[in-house]
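Below: the structure, in C-alpha cells.
Laboratory data are not the source of any read-out in this text; all were calculated from the coordinates shown. What you see is a predicted model; the values in this text were computed from it and never measured. Ideal geometry is used to build each Cβ from the backbone, glycine not excepted, and the neighbour counts take in all protein chains shown.
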Amino acid sequence: MTTNQLTRNESPMASAASAVNPGAILDKDAFMKLLLVELQYQDPTDPMDSEKMLTQTSQLATLETQENTNKMMEKLANKMGNSMNMYAISAIGKMASIGYNAVSMEEGRGAKFEVYFQKEIHSGKLKIEDKEGKLVRTVDLEEGGKGVLAFEWDGLDDNGSRLPSGFYSVKAEYLDSEQNQQTTQFGTYPVESVRIDDGEALIKLGSSYVPLDYIKEFY
C-alpha cells in the first residue's frame, strides 16, 4: 500500500523547513518557499481553503515588514552613532563638566584625582570637604602650576586623623600670576582629544578617556 505523502510523519513542509532554514527561524524568502511547497503538495480533493491562504500571506507580509523595519532601524542607529561621534569631535577645545566635584576616597588607601587650573598659580589652597560641607583638609598649591595637575590625598584630615570612606568634594581657590582671584574644582576639564573605539566616542579629560554620555555639559 502506498502511503500518501500528506500523511507521513515528516511532511514536505517540515522537510522544506529543514532544508531552507536549519535554525527554524524563517525570513520572508524561506516563508514564500514553504508556502509554494505546501501548495504543490496539497491534496487536490481537499485544497487549501481561502482563509488559511489569507492567514499565511498575511504572515508573509508581516515578516517582510519586520525585515524592512529592522533594516531601517539599523541604518538609523548607524546614522545616530556617526552623528554622536561628530558631535564629540566638535567638542574638542571646549570645557566639559562631569556634573559633580566629589572624589571617592577609600579609608586606608586615600584618593588620586586631577584638577584643571586655567591660569598659572601664584599662591592658593586646595580644599577638601566632607558630604556635610565641612572643611576637612587644606593643601597649599605650588607656585607655577597650570593646566591639569595631579594630586594624591592620603585620606587624613588637617589634624592627621584618618577619615572614613566616602565621597569628598574638591575645589581650589588661588591667585594667578597677575594676582587675580581664581576658583576651580574637580570634574571640569578642557576636551583635549576624542578617540573612536568600536564605534563609540571617548572624550579625553585630563589623563583619562571617558564615554560621551559621562559628560553632563560642554561649554
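Things worth noting here:
- Scanning segment 88-109 for residues that are farther than 19 Å from residue 215 by Cβ and surrounded by 15 or more Cβ atoms within 10 Å (Cβ to Cβ) gives a single hit, 105.
- Taken over segment 128-185, the criterion of being more than 32 Å from the chain's Cα centre (by Cα), acidic (Asp, Glu) and surrounded by 11 or more Cβ atoms within 10 Å (Cβ to Cβ) is satisfied by 143, 154, 157, 158, 173, 176.
- Any hit, segment 187-203, residues being surrounded by 18 or more Cβ atoms within 10 Å (Cβ to Cβ), assigned to a strand (DSSP E or B), touching a residue at least 24 places away in the same chain (Cβ under 8 Å) and among the polar types (S, T, N, Q): yes
- Within segment 165-186, the set of residues being part of a loop (DSSP other than H, G, I, E, B) and touching a Gly at 6+ places or on another chain (Cβ under 9 Å) comprises 165, 177.
- Members of segment 204-219 that are in contact (Cβ under 8 Å) with a residue 40 or more places away in the chain and of a type in the set (Lys, Arg): 216
- Only residues that are hydrophobic (A, V, I, L, M, F, W, C) and either surrounded by fewer than 16 Cβ atoms within 10 Å (Cβ to Cβ) or in a strand (DSSP E or B) (or both) were counted across segment 204-219, and they come to 3.
- Residue satisfying all of: in segment 150-164; in contact (Cβ under 8 Å) with a residue 40 or more places away in the chain, assigned to a strand (DSSP E or B) and in contact with an Asp or Glu (Cβ under 9 Å, 6 or more places away or on another chain); farthest from residue 106 (Cα to Cα) among these: 150
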